[in-house]
1. Could you grab me the full set of residues in the stretch 163-183 that are closer than 28 Å to Pro299 by Cβ and touching a residue at least 60 places away in the same chain (Cβ under 8 Å)?
2. Working carefully through the options Ala87, Ala63, find the one that is touching a residue at least 60 places away in the same chain (Cβ under 8 Å) and either surrounded by fewer than 24 Cβ atoms within 10 Å (Cβ to Cβ) or under 18 Å from the mean Cα position of the chain (by Cα) (or both).
3. Kindly check whether there is at least one residue in the stretch 197-210 that is farther than 18 Å from Ala86 by Cα and within 14 Å of the ligand (Cβ to nearest atom).
4. So Thr209 passes all but one of these: (1) polar (S, T, N, Q); (2) touching a Leu at 6+ places or on another chain (Cβ under 8 Å); (3) closer than 20 Å to Ser181 by Cβ. Which condition number does it fail?
5. Scanning for something farther than 22 Å from Pro191 by Cα and either more than 11 Å from the ligand (Cβ to nearest atom) or part of a loop (DSSP other than H, G, I, E, B) (or both), does the stretch 86-94 turn up at least one residue?
6. Could you list all residues from the stretch 127-140 that are touching a residue at least 60 places away in the same chain (Cβ under 8 Å), touching a helix residue (DSSP H, G or I) at 6+ places or on another chain (Cβ under 9 Å) and either surrounded by fewer than 18 Cβ atoms within 10 Å (Cβ to Cβ) or of a type in the set (A, V, I, L, M, F, W, C) (or both)?
7. Considering the stretch 171-187 alone, what residues qualify as being under 20 Å from Ile245 (Cα atoms) and out of contact with any Asp or Glu (no Cβ under 7 Å at 6 or more places or on another chain)?
Amino acid sequence: MHLLITGGAGFIGSHFVRYIVNHHPNDHGVVLDRLTYAGSIDHLKAIAGQANWTFIKGDIADAPLVSSILSGEKSGKAIDAIVHFAAESHVDRSIKEPHPFIRTNVVGTHVLLENARRYGVKRFIQISTDEVYGALGPEGAFSENAPLSPNNPYAASKASADLLALSYWRTYRLPVIITRSANNYGPHQHPEKLIPLAITRALADEPVTIYGDGQQIRDWVHVEDHCRAIDLALRKGESGEIYNIGANNEWTNLELVKLILKLLNKDESLITFVADRPGHDRRYAIDSTKIRTRLGWKPAKNFLLGLKETINWYRNHPNDRRLD
Ligand code: NAD
């Protein structure tokens, strides 16, 4: 397959590029990334110097650029499938300044969809999030049929992009698939996100901040398990379908930070509670029965092991501890 991977220099996108290079060495393609604060070319060593992969620094909302990539003008071959990771991804930033989220996550996705339709792309994977469903009470889990009820501009922009993508399937039969994953963890994540923030602050003996009472519950899935699920959706998924991806691995933020401190042999006195984020969802949980039964996916990574590996990665990569 000749792939276009957008946002491939970010956290999950770069793991996916590595996954493809390792598991499908005959695949090739283009990585398109604007290299915002969240992306780094250093995450793309897997394709550095590989003749069958092209990296393009550019914006998914740049229609002429996207058109020239999909037509094959940029890499000598038309694109078969798009795996669309590129996004503004941090909820806090979306609360402070929503506009970049609308521009990239909604307008950028539309530019990709429109050009995918124009050039007859055979598969469009829209990488989405459980946050589009909004918050849950203490019981139950969101299935793919749950209503969309986003509570912050990030989640609303992703829900909007999902709806646009589905409309391109229903209206034009563009073969779209949506994946909605729970929270990811693993190496290479920007330290603004909870797990790397706790690790990097604790390593520096700095206060580890927690919003509100820390009782918000999230389901954590290892980034490599997520990438395997996306790859299955890409190769075996059905057009027009949505697949939830979760590991049934729920932790309150406070429990999780305490575990990280314990693994690092640091004192819980580093924990500092700060005013809660507005519209902070209390609990997310994902029912991933569909992808497990229809595509045979299940998470493989043991959480404690994955967390220890992640901690070691940040310990060994002090340059990735910056927060800019
Ligand atoms: P990230 O912020 O680490 O990476 C995003 C990447 O997109 C960066 O490399 C950035 O440079 C690039 N980008 C941003 N705007 C762009 C634009 N206009 N044009 C081209 N490239 C642009 O994000 P992530 O955590 O890797 O998330 C990737 C995708 O997965 C997102 O769509 C996100 O909504 C989704 N997702 C993330 C999680 C999670 O826990 N991180 C969970 C579920 C779904």
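The values are calculated or read from the model by the stated rules, or taken from the named source; none is laboratory data. In this text, all values refer to a predicted model and were calculated from it rather than measured experimentally. Ideal geometry is used to build each Cβ from the backbone, glycine not excepted, and the neighbour counts take in all protein chains shown.
1. Leu166, Trp169, Pro175, Val176, Ile177, Ile178, Thr179, Arg180, Ser181, Ala182, Asn183 - these are the residues of the stretch 163-183 that are closer than 28 Å to Pro299 by Cβ and touching a residue at least 60 places away in the same chain (Cβ under 8 Å).
2. Result: Ala87 is the single residue among Ala87, Ala63 that is touching a residue at least 60 places away in the same chain (Cβ under 8 Å) and either surrounded by fewer than 24 Cβ atoms within 10 Å (Cβ to Cβ) or under 18 Å from the mean Cα position of the chain (by Cα) (or both).
3. yes
4. For Thr209, the exception is condition (3).
5. The answer is no, given that none of the residues of the stretch 86-94 is farther than 22 Å from Pro191 by Cα and either more than 11 Å from the ligand (Cβ to nearest atom) or part of a loop (DSSP other than H, G, I, E, B) (or both).
6. Selection gives Ile127 alone.
7. Pro175, Val176, Thr179, Asn184, Tyr185, Pro187
Here is a yes/no grid of residues against (1) crowded, with 19+ Cβ neighbours inside 10 Å; (2) in contact (Cβ under 8 Å) with a residue 40 or more places away in the chain; (3) more than 14 Å from the ligand (Cβ to nearest atom):
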site	(1), (2), (3)
His23	no, yes, yes
Val31	yes, no, no
Ala38	yes, yes, no
Asp42	no, no, no
Lys45	no, no, yes
Trp53	yes, no, yes
Leu70	yes, yes, yes
Glu73	no, no, yes
Ala78	no, yes, yes
